[in-house]
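Heads up: the structure comes next, in structure tokens.
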Amino acid sequence: MIVTEQTPDQVHDVVIIGSGPAGYTAAVYMARANLNPIILTGSVTAGGELMNTTEVENFPGFPEGIMGPDLMMNMEQQARRFGADIRHEDATELLLDQPIKQITTGAGDVLHSRAVVLATGSAYRELGVPGEKALSGHGVSWCATCDGFFFREQNIAVVGGGDSAMEEALFLTKFASKVTVLHRRGELRASQIMADRAKANEKIEFIWNTEVAEVQGEGKVSRLLLRDTTTGEPSSLDVTGVFVAIGHDPRTELFKDQITLTEEGTAWVEGRTSRTSLPGVFAAGDVLDPTYRQAITAAGSGCVAALDVEHWLADTLNSEAAKVPTPPTNTAPVPS
Ligand code: NAP
């Protein structure tokens, strides 16, 4: 590694921010390429969203399925096996628009790196209705696997019509006496297999063309005020819990002012590469993907980022090496 006078003492080749399938896959590839990646996994939720999932049935290589947290533990172990430096810390500040990027961690350390991979994933979307925030953790939840247990023999609601909502609803039938799915349209967005499973479950009921207008309750959820999305007609539903499963937004807070974003709010990348609008800054996984957002597509995207980083570093180091002045050779004539 070439360290010039202007650069800090220790410059890493690459720091990966985020530890879902994208971050860990990038780490596996880069560690195997001897790039000594550092991966900041997050201090609380290492492993990303799959840590909140139950069985993953569609990740190739696991014919019987695998639990989401087990899959992520496997990925972490695989990255570790090849020497990735895995740190259970947050990145709290990034300076990306400079040749040597600066990454401040939650512990107050400042890392310097030639390349950065942004693999920060996406965050649960909120309804944005009165009562939602105030009753969060008191009946309003975004994670059935985390909180479902608390709703034994209760009437609860799930909001959303996608795969996440179906998955949450199905999981919650293990505990709740009844699960009502509230969807703002008349048909589901979820895949056929998930929709069929949910519709076949006796404990699940659907209310179509309905949105939540307010979450009510004294200290804990007791009722939802609803609105018909076609007629505007108000109604209400007595429940003790509501699980919000209406999709995700890319997590770009840390760097949204530094790199270009798309209209959907995801990180913009050049064509099918992982190259963002800044040299040496790469993106992978849900943070750049408004469409597919699968564990396997995130993993593939992490692989793309790793290969892009590898090529970019090789080019950068070669051009830096070319700039280092060679000592002058003494060509002056020897005095006679
Ligand atoms: P999604 O597919 O984007 O679905 C979000 C759902 O929430 C949609 O039905 C949407 O309604 C509804 N919605 C959005 N904003 C809303 C609001 N403000 N109020 C009420 N409803 C709102 O998100 P997802 O279900 O989280 O899935 C994301 C991706 O992960 C998908 O590609 C999915 O296939 C994948 N996934 C797969 C699995 C699995 O295979 N086991 C499990 C989970 C997720 P509209 O339909 O009207 O837009």
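Thr273: part of a loop (DSSP other than H, G, I, E, B) and open to solvent by 30 Å² or more (accessible area, probe 1.4 Å), yes or no? Considered against the rule, which asks whether it is part of a loop (DSSP other than H, G, I, E, B) and open to solvent by 30 Å² or more (accessible area, probe 1.4 Å), Thr273 comes out as yes. Looking at the structure I just gave you, is Thr54 within 16 Å of the ligand (Cβ to nearest atom), surrounded by fewer than 23 Cβ atoms within 10 Å (Cβ to Cβ) and over 30 Å from Lys323 (Cα atoms)? Criteria met by Thr54. The condition of being at pLDDT 95 or above and over 23 Å from Val281 (Cβ atoms) holds for only one of Glu89, Glu76, that being Glu76.
Can you tell me which residues in the stretch 276-300 are more than 13 Å from the chain's Cα centre (by Cα) and either among the hydroxyl-bearing types (Ser, Thr, Tyr) or in a loop (DSSP other than H, G, I, E, B) (or both)? If the condition is that a residue be more than 13 Å from the chain's Cα centre (by Cα) and either among the hydroxyl-bearing types (Ser, Thr, Tyr) or in a loop (DSSP other than H, G, I, E, B) (or both), then Thr276, Ser277, Leu278, Pro279, Gly280, Thr291 are the ones that fit. The residues of the stretch 99-140 that are farther than 19 Å from Ser164 by Cβ and within 16 Å of the ligand (Cβ to nearest atom), listed by number, are Pro130, Gly131, Lys133. Pick from the stretch 155-194 the residues that are more than 8 Å from the ligand (Cβ to nearest atom) and basic (Lys, Arg): which of them is nearest to the chain's Cα centre (by Cα)? So, considering only residues that are more than 8 Å from the ligand (Cβ to nearest atom) and basic (Lys, Arg), the one nearest to the chain's Cα centre (by Cα) is Lys174.
Does Glu263 satisfy the condition of being without any contact (Cβ under 8 Å) to a residue 12 or more places away in the chain, within 24 Å of Glu126 (Cβ to Cβ) and either open to solvent by 60 Å² or more (accessible area, probe 1.4 Å) or in contact with a Ser or Thr (Cβ under 7 Å, 6 or more places away or on another chain) (or both)?
Values: without any contact (Cβ under 8 Å) to a residue 12 or more places away in the chain: yes; within 24 Å of Glu126 (Cβ to Cβ): yes; either open to solvent by 60 Å² or more (accessible area, probe 1.4 Å) or in contact with a Ser or Thr (Cβ under 7 Å, 6 or more places away or on another chain) (or both): yes.
Here the answer is yes, as Glu263 does meet what is asked.
In the stretch 226-239, the condition of being under 22 Å from Ser113 (Cβ atoms), acidic (Asp, Glu) and at pLDDT 95 or above is met by no residue.
The values are calculated or read from the model by the stated rules, or taken from the named source; none is laboratory data. In this text, all values refer to a predicted model and were calculated from it rather than measured experimentally. Glycine also receives a Cβ, built like all others from the backbone with ideal geometry; neighbour counts cover every protein chain displayed. Just the protein is used for accessible areas: all its heavy atoms, side chains included, with ligands, DNA and RNA removed. Shrake-Rupley method; radii C 1.70, N 1.55, O 1.52, S 1.80 Å.
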